[in-house]
Amino acid sequence: HIHHKIGPLINLCYTSGSAIPVTISVFVVRRKVIRILSGEKGSMSEQTANMHRTLVKVLTQQACLPVLFAITVSGFIMEKCDLFHSPFIENFILVVSM
């Protein structure tokens, strides 16, 4: 009976586990982009610099969305494997999944 549960759990772990390295790499690239933009600030207009700052901020926020997925999947796995039960985690999973 456990064989029916292990496949989906491995898939969930793989899918949610890949979010962390991707998010770390986004922050590394973000830091490099901000350094480059800071060096080029003198050759850009104020409007262009603001646009670049906004774009970097929005792309960073979008790239962090998979972390929410990883958190909800981790909570789901803990609940499913009877490791931890909490109404807060159940509600968090429900809210984020909507």
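The values are calculated or read from the model by the stated rules, or taken from the named source; none is laboratory data. The structure displayed is predicted, hence computed values, not measured ones. Neighbour counts are summed over all protein chains in view; Cβ atoms, including those assigned to glycine, are modelled from backbone coordinates with ideal geometry. These area figures cover heavy atoms from the full protein model, side chains too; ligands, DNA and RNA do not enter into them. Shrake-Rupley method; radii C 1.70, N 1.55, O 1.52, S 1.80 Å.
For segment 35-79, how many residues are surrounded by 15 or more Cβ atoms within 10 Å (Cβ to Cβ) and farther than 25 Å from N11 by Cα?
Within segment 35-79, residues that are surrounded by 15 or more Cβ atoms within 10 Å (Cβ to Cβ) and farther than 25 Å from N11 by Cα number 5.
Please verify whether segment 44-55 includes one or more residues that are hydroxyl-bearing (S, T, Y), in a helix (DSSP H, G or I) and touching a residue at least 24 places away in the same chain (Cβ under 8 Å).
Taking every residue of segment 44-55 in turn, none turns out to be hydroxyl-bearing (S, T, Y), in a helix (DSSP H, G or I) and touching a residue at least 24 places away in the same chain (Cβ under 8 Å).
Does segment 80-97 contain at least one residue that is at pLDDT below 75 and open to solvent by 80 Å² or more (accessible area, probe 1.4 Å)?
yes
Given the conditions (1) in contact with a helix residue (DSSP H, G or I) (Cβ under 8 Å, 6 or more places away or on another chain); (2) farther than 21 Å from S25 by Cβ, report the number of the one that P87 does not fulfil.
All conditions are met except number (1).
Within segment 59-84, count every residue that is free of Cβ contacts under 8 Å to residues at least 24 places away in the same chain, touching a helix residue (DSSP H, G or I) at 6+ places or on another chain (Cβ under 6 Å) and in a helix (DSSP H, G or I).
Result for segment 59-84: 1.
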